[in-house]
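Before any comments, here is the structure.
The values are calculated or read from the model by the stated rules, or taken from the named source; none is laboratory data. Keep in mind that what you see is a predicted model, and the values were worked out from it rather than measured. Every residue, glycine as well, gets a Cβ built from its backbone with ideal geometry; the counts of neighbours run over all protein chains shown. Accessible surface areas use protein heavy atoms only, side chains included; no ligands, DNA or RNA. Shrake-Rupley method; radii C 1.70, N 1.55, O 1.52, S 1.80 Å.
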Amino acid sequence: MPTSTSLDSWIAGRKPNPQARLRLFCFPYAGGAASVFRTWSDGLPADVEVCPVQFPGRGTRLMEPPFSLLSLLVEALSEALLPLLDKPFALFGHSLGSLVSFELARQLRANHQVRPVRLFASAGPAPQIPHRGPPIHSLPEGEFAAELRRLNGTPGELLNHKELMDIVLPSLRADFALYESYKYLSGPPLNCPISTFGGLSDQRVNHDDLEAWRDQTTASFSIRMFPGDHFFLKSTQPLLLRALSQELR
(Lines give C-alpha, C1' and ligand atoms only; values in the text may rest on other atoms or scores of the structure.)
Protein backbone atom coordinates (compact mmCIF):
# COMPACT_ATOMS: atom_id res chain seq x y z
CA MET A 1 0.00 0.00 0.00
CA PRO A 2 1.38 3.46 -0.90
CA THR A 3 2.76 5.74 1.75
CA SER A 4 0.84 8.87 2.75
CA THR A 5 3.43 10.86 0.80
CA SER A 6 2.64 9.07 -2.44
CA LEU A 7 -1.09 9.42 -1.76
CA ASP A 8 -0.68 13.16 -1.19
CA SER A 9 1.14 13.47 -4.51
CA TRP A 10 -1.82 11.87 -6.35
CA ILE A 11 -4.42 14.09 -4.66
CA ALA A 12 -3.45 17.75 -5.12
CA GLY A 13 -4.87 20.38 -2.80
CA ARG A 14 -7.14 17.98 -0.95
CA LYS A 15 -8.86 19.45 2.09
CA PRO A 16 -9.55 16.45 4.37
CA ASN A 17 -13.10 16.59 5.68
CA PRO A 18 -13.80 14.17 8.59
CA GLN A 19 -17.53 14.99 8.27
CA ALA A 20 -17.68 14.06 4.59
CA ARG A 21 -20.14 11.31 3.70
CA LEU A 22 -18.67 10.95 0.21
CA ARG A 23 -15.44 11.57 -1.72
CA LEU A 24 -15.49 12.83 -5.31
CA PHE A 25 -12.35 11.93 -7.29
CA CYS A 26 -11.88 14.29 -10.26
CA PHE A 27 -9.79 13.41 -13.33
CA PRO A 28 -8.69 16.12 -15.81
CA TYR A 29 -8.72 16.28 -19.59
CA ALA A 30 -5.59 15.78 -21.74
CA GLY A 31 -3.15 18.56 -20.91
CA GLY A 32 -5.13 19.46 -17.78
CA ALA A 33 -4.05 19.26 -14.15
CA ALA A 34 -5.69 18.92 -10.75
CA SER A 35 -5.85 22.74 -10.55
CA VAL A 36 -8.89 22.60 -12.89
CA PHE A 37 -10.90 21.44 -9.85
CA ARG A 38 -9.28 23.79 -7.31
CA THR A 39 -12.47 25.75 -6.46
CA TRP A 40 -14.99 22.94 -6.84
CA SER A 41 -15.43 22.31 -3.13
CA ASP A 42 -16.89 25.85 -2.84
CA GLY A 43 -19.74 24.93 -5.17
CA LEU A 44 -20.55 21.42 -3.91
CA PRO A 45 -22.31 20.25 -0.72
CA ALA A 46 -20.23 20.60 2.46
CA ASP A 47 -20.37 16.84 3.06
CA VAL A 48 -18.61 16.07 -0.26
CA GLU A 49 -14.80 15.91 -0.09
CA VAL A 50 -13.35 16.88 -3.46
CA CYS A 51 -10.20 14.92 -4.38
CA PRO A 52 -8.55 16.43 -7.50
CA VAL A 53 -6.28 13.80 -9.04
CA GLN A 54 -2.82 14.92 -10.20
CA PHE A 55 -1.21 12.74 -12.86
CA PRO A 56 2.61 12.50 -12.94
CA GLY A 57 4.26 14.97 -15.30
CA ARG A 58 2.26 18.08 -14.43
CA GLY A 59 1.60 20.61 -11.69
CA THR A 60 3.28 19.60 -8.45
CA ARG A 61 4.56 16.40 -10.18
CA LEU A 62 6.08 18.10 -13.22
CA MET A 63 9.45 16.36 -12.91
CA GLU A 64 7.97 12.84 -12.70
CA PRO A 65 7.77 10.80 -15.94
CA PRO A 66 4.19 10.80 -17.29
CA PHE A 67 2.19 7.66 -18.12
CA SER A 68 1.52 7.05 -21.81
CA LEU A 69 -0.40 3.75 -21.39
CA LEU A 70 -3.84 3.95 -19.80
CA SER A 71 -3.65 0.45 -18.32
CA LEU A 72 -0.50 1.33 -16.35
CA LEU A 73 -1.92 4.64 -15.14
CA VAL A 74 -5.12 2.95 -13.95
CA GLU A 75 -3.17 0.19 -12.21
CA ALA A 76 -1.13 2.79 -10.29
CA LEU A 77 -4.26 4.79 -9.45
CA SER A 78 -6.20 1.79 -8.14
CA GLU A 79 -3.44 1.09 -5.59
CA ALA A 80 -2.68 4.72 -4.69
CA LEU A 81 -6.31 5.72 -4.02
CA LEU A 82 -7.22 2.59 -2.06
CA PRO A 83 -6.72 4.20 1.41
CA LEU A 84 -9.35 6.82 0.51
CA LEU A 85 -11.98 4.27 -0.50
CA ASP A 86 -13.00 3.67 3.12
CA LYS A 87 -16.19 5.67 2.58
CA PRO A 88 -18.59 6.04 -0.36
CA PHE A 89 -16.98 7.65 -3.42
CA ALA A 90 -17.87 8.89 -6.89
CA LEU A 91 -15.68 9.37 -9.98
CA PHE A 92 -15.80 12.42 -12.28
CA GLY A 93 -13.73 12.60 -15.45
CA HIS A 94 -13.71 15.16 -18.26
CA SER A 95 -12.75 14.07 -21.80
CA LEU A 96 -9.65 11.84 -21.30
CA GLY A 97 -10.59 11.81 -17.60
CA SER A 98 -13.89 10.05 -18.37
CA LEU A 99 -11.95 7.15 -19.89
CA VAL A 100 -9.60 7.03 -16.88
CA SER A 101 -12.63 7.02 -14.53
CA PHE A 102 -14.30 4.18 -16.43
CA GLU A 103 -11.23 1.93 -16.53
CA LEU A 104 -10.49 2.72 -12.86
CA ALA A 105 -14.03 1.64 -11.93
CA ARG A 106 -13.48 -1.64 -13.79
CA GLN A 107 -10.09 -2.16 -12.13
CA LEU A 108 -11.46 -1.48 -8.63
CA ARG A 109 -14.29 -3.96 -9.26
CA ALA A 110 -11.88 -6.65 -10.46
CA ASN A 111 -9.11 -6.21 -7.87
CA HIS A 112 -10.79 -4.81 -4.77
CA GLN A 113 -14.52 -5.57 -5.14
CA VAL A 114 -15.49 -1.94 -4.55
CA ARG A 115 -17.56 0.36 -6.77
CA PRO A 116 -18.32 4.07 -6.98
CA VAL A 117 -21.78 5.29 -6.01
CA ARG A 118 -21.83 7.05 -9.39
CA LEU A 119 -19.60 7.57 -12.43
CA PHE A 120 -19.71 11.00 -14.09
CA ALA A 121 -18.50 10.95 -17.71
CA SER A 122 -18.11 14.50 -19.00
CA ALA A 123 -17.33 15.43 -22.63
CA GLY A 124 -16.04 11.94 -23.35
CA PRO A 125 -17.37 9.44 -25.91
CA ALA A 126 -18.30 6.01 -24.56
CA PRO A 127 -15.20 3.78 -24.33
CA GLN A 128 -16.41 1.31 -26.96
CA ILE A 129 -16.41 4.05 -29.63
CA PRO A 130 -13.09 3.89 -31.54
CA HIS A 131 -10.89 6.98 -31.56
CA ARG A 132 -11.74 9.22 -34.53
CA GLY A 133 -9.16 11.09 -36.56
CA PRO A 134 -5.43 10.54 -36.97
CA PRO A 135 -3.25 10.32 -33.84
CA ILE A 136 -1.38 13.51 -32.97
CA HIS A 137 0.82 12.49 -30.02
CA SER A 138 3.88 11.71 -32.16
CA LEU A 139 3.65 14.66 -34.58
CA PRO A 140 6.69 16.94 -34.96
CA GLU A 141 6.70 19.74 -32.39
CA GLY A 142 5.34 22.50 -34.66
CA GLU A 143 2.46 20.37 -35.98
CA PHE A 144 1.66 19.07 -32.50
CA ALA A 145 1.51 22.64 -31.14
CA ALA A 146 -0.77 23.63 -34.04
CA GLU A 147 -3.14 20.76 -33.17
CA LEU A 148 -3.15 21.81 -29.50
CA ARG A 149 -4.07 25.35 -30.57
CA ARG A 150 -6.89 24.02 -32.76
CA LEU A 151 -8.26 21.83 -29.94
CA ASN A 152 -8.39 24.91 -27.70
CA GLY A 153 -7.65 23.15 -24.39
CA THR A 154 -4.11 24.46 -23.85
CA PRO A 155 -3.77 28.10 -22.73
CA GLY A 156 -2.45 30.40 -25.46
CA GLU A 157 0.13 31.90 -23.11
CA LEU A 158 1.62 28.42 -22.66
CA LEU A 159 1.65 27.65 -26.39
CA ASN A 160 3.42 30.97 -27.03
CA HIS A 161 6.10 30.39 -24.36
CA LYS A 162 8.78 28.17 -25.91
CA GLU A 163 10.71 27.47 -22.67
CA LEU A 164 7.55 26.40 -20.84
CA MET A 165 6.39 24.33 -23.81
CA ASP A 166 9.71 22.47 -23.81
CA ILE A 167 9.03 21.49 -20.18
CA VAL A 168 5.40 20.39 -20.56
CA LEU A 169 5.60 18.86 -24.06
CA PRO A 170 6.41 15.30 -22.83
CA SER A 171 3.35 15.21 -20.54
CA LEU A 172 1.10 16.70 -23.24
CA ARG A 173 2.24 14.07 -25.73
CA ALA A 174 1.80 11.34 -23.09
CA ASP A 175 -1.79 12.46 -22.38
CA PHE A 176 -2.75 12.19 -26.03
CA ALA A 177 -0.96 8.83 -26.25
CA LEU A 178 -3.09 7.59 -23.31
CA TYR A 179 -6.21 8.23 -25.35
CA GLU A 180 -4.96 7.40 -28.83
CA SER A 181 -3.38 4.07 -27.87
CA TYR A 182 -6.42 2.93 -25.83
CA LYS A 183 -8.02 -0.32 -26.93
CA TYR A 184 -11.42 -1.10 -25.46
CA LEU A 185 -11.80 -4.64 -24.13
CA SER A 186 -15.35 -5.94 -23.88
CA GLY A 187 -16.50 -6.76 -20.34
CA PRO A 188 -19.61 -6.86 -18.15
CA PRO A 189 -21.27 -3.45 -17.62
CA LEU A 190 -20.68 -1.59 -14.38
CA ASN A 191 -23.37 -1.87 -11.71
CA CYS A 192 -23.17 1.78 -10.64
CA PRO A 193 -25.25 4.62 -12.14
CA ILE A 194 -23.60 6.61 -14.94
CA SER A 195 -24.33 10.30 -15.51
CA THR A 196 -23.01 11.90 -18.68
CA PHE A 197 -22.50 15.61 -19.35
CA GLY A 198 -21.97 17.28 -22.72
CA GLY A 199 -21.54 20.68 -24.35
CA LEU A 200 -24.22 21.78 -26.80
CA SER A 201 -21.57 23.32 -29.08
CA ASP A 202 -18.98 20.54 -28.69
CA GLN A 203 -17.69 19.66 -32.17
CA ARG A 204 -15.80 16.60 -30.89
CA VAL A 205 -18.30 14.72 -28.71
CA ASN A 206 -21.95 14.57 -29.74
CA HIS A 207 -25.15 13.37 -28.07
CA ASP A 208 -24.86 9.87 -29.61
CA ASP A 209 -21.33 9.52 -28.20
CA LEU A 210 -22.73 10.23 -24.72
CA GLU A 211 -25.85 8.08 -25.24
CA ALA A 212 -23.57 5.09 -25.94
CA TRP A 213 -22.45 5.15 -22.28
CA ARG A 214 -25.86 3.62 -21.50
CA ASP A 215 -24.45 0.24 -22.59
CA GLN A 216 -21.79 0.41 -19.85
CA THR A 217 -24.15 0.17 -16.85
CA THR A 218 -26.88 -2.08 -15.51
CA ALA A 219 -28.01 0.76 -13.20
CA SER A 220 -29.57 4.16 -13.98
CA PHE A 221 -28.26 6.40 -16.75
CA SER A 222 -28.70 10.07 -17.64
CA ILE A 223 -27.46 12.76 -20.06
CA ARG A 224 -27.36 16.48 -19.32
CA MET A 225 -26.28 19.04 -21.90
CA PHE A 226 -24.79 22.44 -21.07
CA PRO A 227 -24.16 25.61 -23.06
CA GLY A 228 -20.60 25.69 -24.38
CA ASP A 229 -18.04 23.71 -26.34
CA HIS A 230 -15.77 20.83 -25.29
CA PHE A 231 -14.56 22.83 -22.29
CA PHE A 232 -17.97 23.76 -20.86
CA LEU A 233 -16.68 22.65 -17.44
CA LYS A 234 -14.83 25.99 -17.37
CA SER A 235 -17.33 28.27 -19.10
CA THR A 236 -20.45 26.98 -17.29
CA GLN A 237 -18.85 25.78 -14.04
CA PRO A 238 -21.66 27.03 -11.71
CA LEU A 239 -24.29 25.16 -13.77
CA LEU A 240 -22.18 22.01 -13.84
CA LEU A 241 -21.55 22.10 -10.07
CA ARG A 242 -25.27 22.61 -9.44
CA ALA A 243 -26.03 19.50 -11.52
CA LEU A 244 -23.32 17.53 -9.71
CA SER A 245 -24.70 18.64 -6.34
CA GLN A 246 -28.18 17.39 -7.26
CA GLU A 247 -26.83 14.02 -8.41
CA LEU A 248 -24.62 13.58 -5.34
CA ARG A 249 -27.50 14.23 -2.94
TODO: Those residues that are under 9 Å from A12 (Cβ atoms) and either touching a His at 6+ places or on another chain (Cβ under 7 Å) or exposed (fewer than 14 other Cβ atoms within 10 Å of the Cβ) (or both), I need them from region 39-71; list them, please.
DONE: none
Task: Evaluation of Q107 against (1) in contact (Cβ under 8 Å) with a residue 60 or more places away in the chain; (2) crowded, with 16+ Cβ neighbours inside 10 Å; (3) of a type in the set (S, T, N, Q); (4) farther than 17 Å from A177 by Cβ (one fails), failing number - done: (1)
Open item on the list: Yes or no: region 122-141 includes at least one residue that is modelled with pLDDT of 95 or more, crowded, with 16+ Cβ neighbours inside 10 Å and of a type in the set (V, I, T).
Closed with: no
- [ ] May I ask you to verify whether L178 is crowded, with 19+ Cβ neighbours inside 10 Å, of a type in the set (A, V, I, L, M, F, W, C) and at pLDDT 75 or above?
- [x] yes
Open item on the list: If F144 meets every condition in (1) out of contact with any Pro (no Cβ under 8 Å at 6 or more places or on another chain); (2) open to solvent by 10 Å² or more (accessible area, probe 1.4 Å) apart from one, which number is that one?
Closed with: (2)
- [ ] Assess whether G187 counts as being touching a Lys or Arg at 6+ places or on another chain (Cβ under 8 Å) and surrounded by fewer than 16 Cβ atoms within 10 Å (Cβ to Cβ).
- [x] yes
Open item on the list: Looking at region 189-208 only, could you name the residues that are in contact with an Asp or Glu (Cβ under 9 Å, 6 or more places away or on another chain) and of a type outside the set (A, V, I, L, M)?
Closed with: P189, P193, S195, T196, G198, G199, S201, D202, Q203, R204
Open item on the list: Go through (1) surrounded by fewer than 22 Cβ atoms within 10 Å (Cβ to Cβ); (2) touching a residue at least 60 places away in the same chain (Cβ under 8 Å); (3) not aliphatic (A, V, I, L, M) for F102 and report which single condition fails.
Closed with: (1)
Task: Yes/no for S35 being open to solvent by 40 Å² or more (accessible area, probe 1.4 Å), polar (S, T, N, Q), at pLDDT below 95 and closer than 22 Å to Y184 by Cβ - done: no
Task: One residue from P45, P16, P52, P66 being touching a strand residue (DSSP E or B) at 6+ places or on another chain (Cβ under 6 Å) and in contact (Cβ under 8 Å) with a residue 12 or more places away in the chain - done: P52
Task: Whichever residue in region 213-230 is open to solvent by less than 20 Å² (accessible area, probe 1.4 Å) and in contact (Cβ under 8 Å) with a residue 40 or more places away in the chain and, among such residues, is farthest from S95 (Cα to Cα) - done: T217
Open item on the list: Taking the conditions exactly as written (touching a residue at least 40 places away in the same chain (Cβ under 8 Å) and assigned to a loop (DSSP other than H, G, I, E, B)), does A177 satisfy them or not?
Closed with: no
